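The values are calculated or read from the model by the stated rules, or taken from the named source; none is laboratory data. Quick caveat: nothing in here was measured; it's all calculated off a predicted structure. Here the Cβ positions follow ideal geometry from the backbone for every residue, glycine too, while neighbour counts run over all protein chains shown. Heads up: the accessible areas ignore ligands, DNA and RNA and are worked out on the full protein's heavy atoms, side chains in. Shrake-Rupley method; radii C 1.70, N 1.55, O 1.52, S 1.80 Å.
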Amino acid sequence: MAAERDGVLNGVTKVVSTVNDTWFTIGGAIVIGLVLLALTRKWWLSVVPLLAISLEASLFVPVTHLVGRPRPEVGRLDNAPPTSSFPSGHTAASFALFWSLAMLATRMENTALRRTVHTLCVLFPFGVGAARLYRGMHHFSDIVFGGLPGIGCALAAYLAVRAAERHATERQVDRGKLTTA
C-alpha cells in the first residue's frame, strides 16, 4: 500500500484516521451521549457509547503493553503513539463507538434516517481500519484484532443497557401488581 500512496488518499485517510484519535473519540462519545440524553431523556441510552469505549480501552491498554508488537517496516504518515502496533486501538475504538451507535439507531422511528445512520455507523470503522493500514501504522492482523474486540465491546454495552431496561420494566410491572392486589 505504501508504494501506491497519493496526495488525495493521504488527505482522506488523515481525516478518517484522526476522527478516532483518543481525545476525539472520548469527546465524541461524551457529545453523542449528551445529545442522546437531550433527545430521549433516557440516561441509560446515553451511556452506551461511553460504556463501549470504556470497555474497549480496558482491553486495549493491557493487551498492547503485553504484546508489544513493532509497527510495520514502511514509511509512516503519522507519528506513532506510545502503544504497540497490536491491536489497532483506533480501529477498536471506532468499532466500539460507531457500532454501539448503529445498535442504538435501530430504535429510531424515521426509517430513512435510521437506515442512513445505521449504514454510516456500520461502515465507517472499516474505513478507519483501512486508513490505519494505508498510513503504515498497522499490520492487517492488528486491524482485524482491533475490530473484533471493538465489536464485542459495542455489543456488550448495548446488551447491558437492554438488560437494565428489561429489569426496570419487570420491576414496574411487579410494582403495578403489588398496588392492584
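When you look at residue 83, is it of a type in the set (Ser, Thr, Tyr) and either out of contact with any His (no Cβ under 9 Å at 6 or more places or on another chain) or assigned to a helix (DSSP H, G or I) (or both), yes or no? It would help to see each step written out before you state the result.
Working: of a type in the set (Ser, Thr, Tyr): yes; either out of contact with any His (no Cβ under 9 Å at 6 or more places or on another chain) or assigned to a helix (DSSP H, G or I) (or both): no.
Considered against the rule, which asks whether it is of a type in the set (Ser, Thr, Tyr) and either out of contact with any His (no Cβ under 9 Å at 6 or more places or on another chain) or assigned to a helix (DSSP H, G or I) (or both), residue 83 comes out as no.
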Given (1) under 27 Å from residue 1 (Cβ atoms); (2) modelled with pLDDT of 95 or more, number of the condition residue 130 does not satisfy: (2)
Given (1) under 19 Å from the mean Cα position of the chain (by Cα); (2) hydroxyl-bearing (Ser, Thr, Tyr); (3) open to solvent by 50 Å² or more (accessible area, probe 1.4 Å), identify the lone condition not met by residue 169. (1)
Is there any pair linking a residue in the range 165-181 that is among the aliphatic types (A, V, I, L, M) to one that is loosely packed, with under 10 Cβ neighbours inside 10 Å and at pLDDT 75 or above, with Cβ under 8 Å and at least six apart or on different chains, and which? none
What are the residues in the range 86-120 that are surrounded by fewer than 21 Cβ atoms within 10 Å (Cβ to Cβ) and closer than 16 Å to residue 17 by Cα, if any? 120
When (1) under 15 Å from residue 129 (Cβ atoms); (2) among the small types (Gly, Ala, Ser); (3) out of contact with any helix residue (DSSP H, G or I) (no Cβ under 8 Å at 6 or more places or on another chain) are applied to residue 54, the one that fails is (1)
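When you go through 45, 37 one by one, which is the residue that is touching a helix residue (DSSP H, G or I) at 6+ places or on another chain (Cβ under 7 Å), open to solvent by less than 50 Å² (accessible area, probe 1.4 Å) and more than 18 Å from residue 143 (Cβ to Cβ)?
On the way: 37 fails: open to solvent by less than 50 Å² (accessible area, probe 1.4 Å).
One residue alone meets the criteria, 45.
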Hey, any hits in the range 122-140 for a residue that's open to solvent by 60 Å² or more (accessible area, probe 1.4 Å) and among the aromatic types (Phe, Trp, Tyr)? yes
